[in-house]
There are 2 protein chains.
Amino acid sequence: MTATTPSASQPPLPEGLVAALTTHFGGRFSQALAIREQHGRDESAYPIMAPDGVVFAESTDDVVVALKACVAHRVPIIAFGAGSSMEGHLLAHRGGITIDVSRMNRILAVQADDMTATVQAGVTRRQLNTELRQTGLFFPIDPGADASLGGMAATRASGTNAVRYGSMRENVLGLTVITADGAVVKTGTRARKSSAGYDLTRLFVGSEGTLGIITEVTVRLYPEPEAVSAAVCCFEHVSDAVATVIQTIQMGVPVARSEFLSGNMIRALNAHSKTSLREMPTLFFEFQGSEASVREQADQVQAIASEFGGLDFEWATLPEERSRLWNARHNALFAAVQSRPGCRAISTDTCVPISRLAESLEGAQRILEDAPFPSMLVGHVGDGNFHALLLVDPENLAEVEAAERLNERIVRLALSMDGTCTGEHGIGLHKIPYLAEEAGEEAITLMRTIKRGLDPLNLLNPGKMFSLAE
Amino acid sequence: MTATTPSASQPPLPEGLVAALTTHFGGRFSQALAIREQHGRDESAYPIMAPDGVVFAESTDDVVVALKACVAHRVPIIAFGAGSSMEGHLLAHRGGITIDVSRMNRILAVQADDMTATVQAGVTRRQLNTELRQTGLFFPIDPGADASLGGMAATRASGTNAVRYGSMRENVLGLTVITADGAVVKTGTRARKSSAGYDLTRLFVGSEGTLGIITEVTVRLYPEPEAVSAAVCCFEHVSDAVATVIQTIQMGVPVARSEFLSGNMIRALNAHSKTSLREMPTLFFEFQGSEASVREQADQVQAIASEFGGLDFEWATLPEERSRLWNARHNALFAAVQSRPGCRAISTDTCVPISRLAESLEGAQRILEDAPFPSMLVGHVGDGNFHALLLVDPENLAEVEAAERLNERIVRLALSMDGTCTGEHGIGLHKIPYLAEEAGEEAITLMRTIKRGLDPLNLLNPGKMFSLAE
């Protein structure tokens, strides 16, 4: 997280661009410092890097107009949804115009009989699920933050439910994307599967705004399960909690969520969410299905947990108990940050093949013994994915640099296990060297070729994901 | 399926290329007519279009050598696995060299604890499942034919199990691909999910050999279910069978397979596979899971079927009964072809959102009432995907042309329902105009940009999927 040229040193916006955007957008184009700074930060530990202006788009056409104007003036373009990126995706380190799509918040269609919905990119996952409530369907991808669907698609997000339902990779059926030439490209259909041509949908899912601006997203929905139950189980040792998860996955028990939290993470949750969980390594589980299936899954997991010395297997079957548990889990990041006033969390995000989870997680713990700041572990361990939250003082350069060195060691460990540097947060500004190391020179060359083909002027979220210069 | 220039009219292979391939491959490079013709046909109704030579690759390095030699001499390159394409993917309509990877049939690694396997591209799905038998794991994707994993990845194949396990899109974790510049690109990791960079894996899955040659495939495996049962149920009317499937899917019953077969399809199966099924519209189901879950699923489906007048709900719980049923289903294409001696099957492959399945299937039936040849319906209806098998006399141009017109009407109907022209067979030579209609000009332009970026000389399976000239 080295210092990056602040946008203040960028040349000012071309007058022609300001005029064009003002004419079209009126008050929906702003160069006010407060608005720009608000769009120059995210949930990462980076300092503010503000864009030179912000356009509030209300339609796909608005995005086309703003994008074409920026391209005509060779000015960078950054898409902005809910601002919940963890990796600096949204930061305008080369200046330019941010296109805020948060007002594109209409649910365009819910096809309940097909279990699909099409939404504008600024619709958030909570908004979608609220509007789905009376249909008996839900959208499962849940990254914790109330992210926008456009942002979730752009970062290939996942979260607690991915162990059962997959990530955005599996659940986006189609997109509307504006490419650098201003074309409105529709990808995919509403059919559940297709072999028709290149998989443009999945080329854009995870492309972090570097290949086009997503304006509409069509997603898969699922029937609300007949029965849901949750359970909490704590363990003396991290290794026993992890062994429980590994065996659960290897036996094919279709758990809907399986989350690990370190003892000090539980302590922070208790303080933040007024829960009274035992402050030990803990697993949260959720089971979904028919009544019989939920009971069967829960019995299987309880048996596995007790084999590994699980303590206090506690049930949360009432909706309000479950909500309290999962709200606490969702607030883990905030609880962690609150535990050290003034700190920011730098989050690792490695994901490894399930058999290597114990080594990966315990290895991270050992690496963090050297940390000059507190850290907590939390994660979607059923996928092999967890986060070490490194609670650094952002003003203390020594801490920030130490965090980067520790992050790097944790990433290297995951890569040595045929894992990935990022299970769900993406690359952004922060993990560029890790992606290069993970993907290898040939794959990065191929990514560059794609980027150059689709964005020859390098104006779409430039400088994110990989360096374009060889 | 208009006549295409036969490869005989192509200029002969450059002498330098013949010399280079002979030097490196010796007897593993052949220009013998029989070998060339064997590689110039597939399961489509196209006439033979033979390549000018065939290389039998035994390693990734072999593929690199052959590809680089062809590129140096500007000669087209076609990858060939099991030869089971339905859409002319493998045909050398512009001549060139076919790289046969069927000898690349080593299973490189089975990581049972991670439920992943890495295989060479020529490994077939049956071979993989045979070798997995003692691990308690299986690879679910089952397109009927004993296709190669490389070919299945290249066409984004699926099949009977996709309703439960997804298609190759969801089940390929990583690939080794040789790109047009001869680079050996490794995509993906063995982690279950990742947000690291562009999704190169899914760019190549379904790219039909036009962006690179796949030499290795890493796939997800699944635990063999504790219990499996199958059921057969017939109906007076197609509409009732379809309504049963739609409701099963909408209720979220996690069936492992749900296949529809028309009455005359059953008649052909009975003749071919010595079964004695009632010759009526029929559904085949398979249920997988724990004992309790299988029983519950089966009860749910039986209740739905009886609501729609299902007759003779019959169980096949013994492994040999199930095998007989699914073998019969797998042989449907051959049974259909056998029912009209000398015919070839042109197969439609539309897939629609589940609520439109009845309209789509009954619409196809009505369209086929005009056909001057027999036709049968069979399909993976739980996905909204089915095949009309049009049994044409390939020597009778009027029949072939009529089949194309009917296919087009069936495709248009699916596209009008936000469906796709191909659920699983791919585009190949056959569906180029349908892809253009489905994807739209902007998406095709984008596909062309990608193709030009990755294969600037247009040598990788040229002329397949879309026409490169605008």
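The values are calculated or read from the model by the stated rules, or taken from the named source; none is laboratory data. Because the structure is a prediction, the values reported are computed rather than measured. Note: ideal-geometry Cβ built from the backbone for every residue, glycine included; neighbour counts use all protein chains shown.
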Next on the checklist: Please count how many residues of segment A:175-197 are closer than 18 Å to A:Thr116 by Cα and either facing chain B (nearest Cβ under 9 Å) or among the charged types (D, E, K, R) (or both).
Outcome noted: 9
Item to check | Subset of segment B:401-432 [part of a helix (DSSP H, G or I), under 28 Å from B:Phe80 (Cβ atoms) and away from chain A (no Cβ under 12 Å)] | outcome: B:Ala403, B:Glu404, B:Asn407
Item to check | A:Ser276 being surrounded by fewer than 24 Cβ atoms within 10 Å (Cβ to Cβ), more than 14 Å from chain B (Cβ to nearest Cβ) and either outside any loop (DSSP other than H, G, I, E, B) or under 25 Å from the mean Cα position of the chain (by Cα) (or both) | outcome: no
Next on the checklist: If I ask for residues that are of a type in the set (S, T, N, Q) and over 23 Å from the mean Cα position of the chain (by Cα), which ones from segment B:25-60 would you list?
Outcome noted: B:Ser30, B:Gln31, B:Ser59, B:Thr60
Checklist entry - Among the residues of segment A:433-470, which ones are part of a helix (DSSP H, G or I) and in contact (Cβ under 8 Å) with a residue 40 or more places away in the chain? => result A:Ile450, A:Lys451, A:Leu454
Item to check | All strands (runs of 3 or more DSSP E) inside segment A:315-393 with 3 or more residues being away from chain B (no Cβ under 13 Å) and at pLDDT 95 or above | outcome: A:375-379, A:387-392
Item to check | Total residues in segment B:57-111, condition of a type in the set (S, T, N, Q) and assigned to a helix (DSSP H, G or I) | outcome: 1
Next on the checklist: Please list, ordered by residue number, the strands (runs of 3 or more DSSP E) wholly in segment B:156-248 having 3 or more residues that are over 26 Å from B:Ala292 (Cα atoms) and touching a Leu at 6+ places or on another chain (Cβ under 9 Å).
Outcome noted: B:172-178, B:184-187, B:213-220
Checklist entry - Looking at A:Pro254, is it more than 26 Å from A:His425 (Cα to Cα), surrounded by fewer than 24 Cβ atoms within 10 Å (Cβ to Cβ) and facing chain B (nearest Cβ under 10 Å)? => result no
Next on the checklist: When you check B:Ala398 against the structure, is it among the aliphatic types (A, V, I, L, M) and either under 14 Å from A:Ala196 (Cα atoms) or not in a loop (DSSP other than H, G, I, E, B) (or both), yes or no?
Outcome noted: yes
Checklist outcome for this item: Of those in segment B:361-394 that are touching a Pro at 6+ places or on another chain (Cβ under 8 Å) and of a type outside the set (Gly, Ala, Ser), the residue farthest from B:Ser167 (Cα to Cα) is B:Pro394
Next on the checklist: Can you confirm whether B:Glu131 is surrounded by fewer than 21 Cβ atoms within 10 Å (Cβ to Cβ), within 7 Å of chain A (Cβ to nearest Cβ), not basic (Lys, Arg) and not in a strand (DSSP E or B)?
Outcome noted: no
Next on the checklist: more than 14 Å from the chain's Cα centre (by Cα) and more than 7 Å from chain B (Cβ to nearest Cβ): is that true of A:Leu200 in this structure?
Outcome noted: no
Next on the checklist: Would you confirm whether or not segment B:291-305 contains a residue that is of a type in the set (S, T, N, Q) and modelled with pLDDT under 90?
Outcome noted: no
Next on the checklist: List the residue pairs whose Cβ atoms are under 6 Å apart, where the first residue sits in segment B:38-64 and is farther than 26 Å from B:Cys343 by Cβ, the second is small (Gly, Ala, Ser) and not in a loop (DSSP other than H, G, I, E, B), and the two are 6 or more positions apart or on different chains.
Outcome noted: B:Val54/B:Ser30; B:Val55/B:Ala66
Checklist outcome for this item: Scanning segment A:249-259 for residues that are under 19 Å from A:Leu128 (Cβ atoms) and either aromatic (Phe, Trp, Tyr) or part of a strand (DSSP E or B) (or both) gives A:Arg257
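Table: residues versus (1) buried (at least 17 other Cβ atoms within 10 Å of the Cβ); (2) under 20 Å from A:Gly88 (Cα atoms).
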| residue | (1), (2) |
| --- | --- |
| A:Ala303 | no, no |
| A:Phe308 | yes, no |
| A:Cys343 | yes, yes |
| A:Arg356 | yes, no |
| A:Glu395 | no, yes |
| A:Val400 | yes, yes |
| A:Leu406 | yes, yes |
Checklist entry - Does A:Ala157 fit the bill of being aliphatic (A, V, I, L, M), farther than 26 Å from B:Thr422 by Cα, out of contact with any Gly (no Cβ under 6 Å at 6 or more places or on another chain) and at pLDDT below 95? => result no
Next on the checklist: Could you check segment B:246-302 and list, in sequence order, the residues that are aliphatic (A, V, I, L, M), in contact (Cβ under 8 Å) with a residue 24 or more places away in the chain and closer than 30 Å to B:Pro223 by Cβ?
Outcome noted: B:Ile246, B:Ile249, B:Met251, B:Val253, B:Val255, B:Ala256, B:Leu261, B:Leu283, B:Val294, B:Ala298, B:Val301
Checklist entry - Conditions: (1) surrounded by 20 or more Cβ atoms within 10 Å (Cβ to Cβ); (2) without any contact (Cβ under 8 Å) to a residue 24 or more places away in the chain; (3) of a type in the set (Lys, Arg). B:Arg366 meets all but one. Number of the miss? => result (1)
Item to check | Candidate set: segment A:149-166, residues that are hydrophobic (A, V, I, L, M, F, W, C) and within 23 Å of A:Leu108 (Cβ to Cβ); chosen: the one nearest to the other protein chains (Cβ to nearest Cβ) | outcome: A:Ala157
Checklist entry - (1) surrounded by 24 or more Cβ atoms within 10 Å (Cβ to Cβ); (2) touching a Gly at 6+ places or on another chain (Cβ under 6 Å); (3) under 23 Å from A:Ile246 (Cβ atoms): which one isn't true of A:Leu413, the others all being true? => result (1)
Item to check | Residue count, segment A:174-186 (criterion: over 19 Å from A:Pro462 (Cβ atoms) and touching a Lys or Arg at 6+ places or on another chain (Cβ under 9 Å)) | outcome: 3
Checklist entry - For the subset of segment A:284-314 comprising residues that are within 14 Å of chain B (Cβ to nearest Cβ) and of a type in the set (Asp, Glu), which member is farthest from A:Ala241 (Cα to Cα)? => result A:Glu291
Checklist outcome for this item: Counted residues in segment B:98-124 being more than 18 Å from B:Val64 (Cβ to Cβ), within 21 Å of the chain's Cα centre (by Cα) and surrounded by 24 or more Cβ atoms within 10 Å (Cβ to Cβ) come to 3
